[in-house]
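The values are calculated or read from the model by the stated rules, or taken from the named source; none is laboratory data. Quick caveat, the model's predicted, so the values are computed rather than measured. For neighbour counting, all protein chains shown are included, and Cβ atoms are generated from backbone atoms with ideal geometry for every residue, glycine included.
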Amino acid sequence: MEFNSVNIKSSAFSWMTTLTFSFPDNKLVSFPGLSTSSYKSDYKVGLPLNIATGFKILGVDPQTGVYQFASKDGSITNLPTYPDDLYVGIANLDPKFYGGFQNKINFKAFSFEFFFEFRKQKGFSYFLMNDANPGTPYNQPKILLQRWQKPGDKTEIEQFSQSYSNPAYLAYLYANVYGASNAITDASFIRLKNIAFSYELPKKLAKKAGLASVTFDLRAQNLFLITKYQGTDPETQAYGYLPPLKTIVGGIRITF
């Protein structure tokens, strides 16, 4: 859906607004032989195509500091069985909606534009998944300070250990290799994507300099982001990679 409005329009001043919304939706209606195919852990009839598959984590045992998983039979275990305990469709990763909000304002020789991008969605947070485990050449995210450290601690992140035989390591391994529900988080955001300001020099002054026109421009991208996402960036959702960079560029356009 797209909404366009001319809020103000006169010989010296104008203000126009554009608002867009998109509501993506899809569902797998049929897949003959799905249960015996290599896609049985990727798709499920009746659910969208872009679904996440993994183990359901019920939390961290406050006494042992180890992840607790849900088995298919409803019991609780520290070591789920692959592939029997995998849940197909622990989250729908398609956006519920997304869109943009753009405004363009002109006042005599001045022009001002800005564009906001927004998206309502769930996504992966590799910080919650402990993907930056100690010993790897990555900075540790701040959230890992909330890990379990002593009996009685209530947290989303299990204990750290240097022992490969520790049950926490096996639980961590299963959660990372096969995916787990604790890595799914709110990845919604509002981003000021573009902003532009320009001023055109009066024609009389330009002609005195032997020029047809002179325009001063100032443009910027990705100035700020509003989100509750626990990770580097809700748009890329990629740990270890740069998010969309903030850029500010100024220039002069001269026409002879």
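Could you look through region 72-116, keep only residues that are small (Gly, Ala, Ser) and in contact with a strand residue (DSSP E or B) (Cβ under 7 Å, 6 or more places away or on another chain), and pick out the one that is modelled with the lowest pLDDT?
Among them, the one singled out is Gly89.
Can you run down the residue pairs with Cβ atoms below 8 Å, 6 or more apart or on separate chains, where the first is in region 196-207 and free of Cβ contacts under 8 Å to residues at least 24 places away in the same chain and the partner is surrounded by 12 or more Cβ atoms within 10 Å (Cβ to Cβ)?
What qualifies is Lys203/Ser213; Leu205/Val214; Ala206/Ser213; Ala206/Val214.
Contact list please: Cβ distance under 9 Å, first residue in region 214-227 and on the phi < 0 side of the Ramachandran plot, second residue acidic (Asp, Glu), pairs at least six apart or on different chains.
Listed pairs, sorted by first residue: Val214/Glu200; Thr215/Glu200; Phe216/Glu200; Leu225/Asp233; Leu225/Glu235; Thr227/Asp186; Thr227/Asp233.
In a strand (DSSP E or B) and not hydrophobic (A, V, I, L, M, F, W, C): does that describe Gly74?
Judged against the criteria, Gly74 is not a match.
Can you tell me which residues in region 117-151 are under 28 Å from Asn222 (Cα atoms), at pLDDT 90 or above and either over 15 Å from the mean Cα position of the chain (by Cα) or basic (Lys, Arg) (or both)?
Across region 117-151, the qualifying residues are Arg119, Lys120, Lys122.
For region 1-41, enumerate the residues that are of a type in the set (S, T, N, Q), surrounded by 10 or more Cβ atoms within 10 Å (Cβ to Cβ) and either assigned to a loop (DSSP other than H, G, I, E, B) or in contact (Cβ under 8 Å) with a residue 40 or more places away in the chain (or both).
If the condition is that a residue be of a type in the set (S, T, N, Q), surrounded by 10 or more Cβ atoms within 10 Å (Cβ to Cβ) and either assigned to a loop (DSSP other than H, G, I, E, B) or in contact (Cβ under 8 Å) with a residue 40 or more places away in the chain (or both), then Ser14, Thr17, Thr18, Thr20, Ser22, Asn26, Ser37, Ser41 are the ones that fit.
Return yes or no: is Ser111 farther than 19 Å from Pro234 by Cβ and buried (at least 17 other Cβ atoms within 10 Å of the Cβ)?
yes
Inside region 60-101, can you point out the residues that are among the hydroxyl-bearing types (Ser, Thr, Tyr) and either closer than 21 Å to Gly123 by Cα or surrounded by 18 or more Cβ atoms within 10 Å (Cβ to Cβ) (or both)?
Tyr67, Tyr87, Tyr98
Of everything in region 228-256 that's among the polar types (S, T, N, Q) and under 14 Å from Phe124 (Cα atoms), which residue is surrounded by the fewest Cβ atoms within 10 Å (Cβ to Cβ)?
My answer is Thr236.
In this structure, is Pro62 in contact (Cβ under 8 Å) with a residue 40 or more places away in the chain, in a loop (DSSP other than H, G, I, E, B), of a type outside the set (Ser, Thr, Tyr) and in contact with a Gly (Cβ under 7 Å, 6 or more places away or on another chain)?
Here the answer is yes, as Pro62 does meet what is asked.
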